[in-house]
Amino acid sequence: MSKLLLSLATPGLAIIALVQCSPGPGAQGTIGYAPVSAAVASMAVRARAREPVVYAAYHDSVVAYSAASGTIVRTLTGLSNPSALAVDRDGSLYVLNSAGQRKVRRFVTEFAPGASTPERTIANVANSGANPLAARAGTLYVLENGGISEYGPGETSIGKTLHPEDRFAWYDGFALGPSNALAASEWKGQGSPIAGFVAKYGRAGHLLHRSTTGAEPTSVAIDGGGDIFVAGTVGARGSYSNAVIEYSPALAKLHAIVLPGPPRDFVNIATDDAGRLYVLLPPARSGPWALAVYAPGSTEPTLSVAVRDPQAMAVDLAGDVFLIHSTAEGGCSPCTLAEIASGSSTMRTLATIRSGDGFPVTAIALGSLQAATE
């Protein structure tokens, strides 16, 4: 449940890349691949919308719920194990599907606003890692083959690809945010010391800034002012912990937040337009998760809300949080769509997703009601 951010209309394109050189303590396989109920699925898109809808990917469908009433306003069926979503500011919805016996054949379907059949299908997408999709004005970015592929509007073949500078490394997560910034994590696998990097690229893919993180990065976020937040693992063997490091738009390190609890291989973070940071924290041993909210520049949470077994999260630019959580461990037995208004500690139930069949909600995204129903 991390996040891909939909930017406002801003000239230029900046790409933020994170470089990580080894998996952290307790990591099992590629970062971001832990079970949904254990590691929390990725948030897909934030959108500025007066009447937002929440898209939820579930088993073989994507359902859009009114964020005001919780009623279903749109349903897309016939999908194949949708695992990631993206929405651009024009309201087009992008769905990452997987098929085959082991779900290794991946493809992306694009739905125009209000449409029930795909407008575009991009076949044979070799994605990996967290937050594999982002979109802006019909251009789709896909994390695949260790790089970030760009597909122009209506195109089904790759226009260009950004690759890490280190030929032995690969990107494993990214996010598109305000000022059209795109954030990604990169790593080299076993055997290297922890040495993460964050890099910022321009529209043409030119490297603008680059900085070390001193962490094994797992997820990133960019706030409304362009500050970049890098979540990951810091420390040395025997004393690992998770932290979120904040950088200026020019990648000057501002401060670090050391997170409580045991280290884990994926840290879910989000930001809003005002620069607040949102972090989903698992329990130290047992009990509920916590949604921790940090004010700009603060290293201590200003708000903490208990959440039972969160499966997906999205935060809009105003700081309203939308969560899908389960009342039982694993799956949807049942799942609840809830909202926590900006600055509030009260969770408002919007809808019950489904119950009893064991399938989790794999991703959610925010869009506009007008685009969903036109």
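Values computed for the structure shown
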{"item": "Residue within the range 90-107 that is farther than 21 Å from residue 132 by Cβ and either crowded, with 18+ Cβ neighbours inside 10 Å or in contact with a Phe, Trp or Tyr (Cβ under 8 Å, 6 or more places away or on another chain) (or both) present", "result": "no"}
{"item": "In the range 179-206, the residues that are in contact with a Lys or Arg (Cβ under 8 Å, 6 or more places away or on another chain) and either surrounded by 19 or more Cβ atoms within 10 Å (Cβ to Cβ) or at pLDDT 75 or above (or both)", "result": "180, 181, 197, 198, 199, 200"}
{"item": "Test for residue 285: is it under 17 Å from the mean Cα position of the chain (by Cα) and surrounded by fewer than 23 Cβ atoms within 10 Å (Cβ to Cβ)", "result": "no"}
{"item": "Residue within the range 112-134 that is at positive phi, without any contact (Cβ under 8 Å) to a residue 60 or more places away in the chain and of a type outside the set (Lys, Arg) present", "result": "yes"}
{"item": "Counted residues, the range 285-299 - those being assigned to a loop (DSSP other than H, G, I, E, B) and either under 17 Å from residue 232 (Cα atoms) or polar (S, T, N, Q) (or both)", "result": "3"}
{"item": "Complete set of residues in the range 222-248 that are closer than 20 Å to residue 301 by Cβ and modelled with pLDDT under 85", "result": "232, 233, 234"}
{"item": "Contacts under 8 angstrom Cβ, first residue in the range 350-374 being farther than 23 Å from residue 117 by Cβ and hydroxyl-bearing (Ser, Thr, Tyr), partner at pLDDT 85 or above and surrounded by 15 or more Cβ atoms within 10 Å (Cβ to Cβ), 6 or more apart", "result": "352/336; 352/337"}
{"item": "Output for the range 338-374, where each listed residue is farther than 20 Å from residue 316 by Cα and either at pLDDT 75 or above or under 22 Å from the mean Cα position of the chain (by Cα) (or both)", "result": "352, 353, 359, 360"}
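For (1) in contact (Cβ under 8 Å) with a residue 40 or more places away in the chain; (2) within 19 Å of residue 175 (Cβ to Cβ), each residue gets a yes or a no:
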| residue | (1), (2) |
| --- | --- |
| 208 | yes, yes |
| 219 | yes, yes |
| 222 | yes, yes |
| 233 | yes, yes |
| 239 | no, no |
| 258 | yes, no |
| 273 | yes, yes |
| 278 | yes, yes |
| 286 | no, no |
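The values are calculated or read from the model by the stated rules, or taken from the named source; none is laboratory data. These numbers were taken from a predicted model, which means no experiment stands behind them. Positions of Cβ are backbone-derived with ideal geometry, glycine not excepted, and every protein chain shown enters the neighbour counts.
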